[in-house]
Each structure stands twice: as C-alpha cells, then as structure tokens.
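Working notes, beginning with the structure itself.
We did not get these values from a lab; they are worked out from the coordinates using the rules stated. Small disclaimer: the values here were computed from a predicted structure and weren't measured. In this analysis, Cβ positions are derived from the backbone assuming ideal geometry, glycine residues included, and neighbour counts consider all displayed protein chains.
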C-alpha cells in the first residue's frame, strides 16, 4: 500500500509540473499611433495624418511575457501587408516601437496588427492618411 501511495504522489507531482510548465501568462499589449517616440514614450496620439506626413510610429507596451520573445508588427495599407517588423521583448514589462516611412500616394486606411511569436493577433490599431493639404488660390491653406 505504501508503494502505491508513493507512486500516486509522484505521479501527482509530475502532472502538476507538466501543467505548470505549459501555463503561459496572459500577454497584454498597449498600443499608440504617434508622430514620434521620446524617452521610450509616445509624444502624442494620432488617428489621422495628412498625406505629406513623412513617418508614422506605432508604440507598444508589452506586459506579462514570461521569457524573452518577439512581437511582430504587420503594417497593412488598404488590407495589403506592406511590411512586417520583428521587435524583441526582453522582460515582463517592455516598451518598443516601429516606424514606417510614408509616401504621399499612400492615402487611405492603415492597420497595424501586433502579432505574437506564433502569429496570433494580440492587438490591432488603425489610422488614416488623408490627402495632402495644398494652398488655395489665395495662398492660404
């Protein structure tokens, strides 16, 4: 009976260890579309830009990652992925960002999907680039 009890106890510890080893913490991603990043923080929050914008940033704060990993930012213009950027995440509370140089002809809806290492969408954020501002006939905007 003692051998049986020990075997059950050992088996119980093995099962608990396997379950604990497969448990993953919930990864949370906070995002912000902005015109720049200073001291690892977004300088503003934007949802629309003029077509003459030169660069757009997507800032991310990742919390809850257990080990060093990566997130991926998939930049999509009008539904077509134009770029995918890998960003390392090296702690349980990590700030990172990606920027995209914009062309004046890339007007319309943009979406950036934040993906985990397995390709699952953690978050999505969107913004719009409108037509360029041009002076009217009086020389004013």
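Rounded, prolate or oblate: which one fits segment 26-129, using the alpha carbon gyration tensor with axes a ≥ b ≥ c (rounded when a/c is under 1.5, else prolate when a/b beats b/c, else oblate)? Prolate, since a/c reaches 1.5 and a/b exceeds b/c.
Between residue 45 and residue 93, what is 0.36 nm times their sequence separation minus the Cα-Cα distance? Round to one decimal in nm. The partial results should precede the final answer.
Working: separation 48, 0.36 × 48 = 17.28 nm, distance 2.08 nm.
Contour length minus Cα-Cα distance gives 15.2 nm.
Placing R0 at 22 angstrom, the Cβ-Cβ distance between residue 78 and residue 35 gives a FRET efficiency of 0.55 after rounding to 0.05. Taking 0.36 nm per residue of separation and subtracting the Cα-Cα distance, full extension of the segment from residue 109 to residue 55 would add 17.9 nm.
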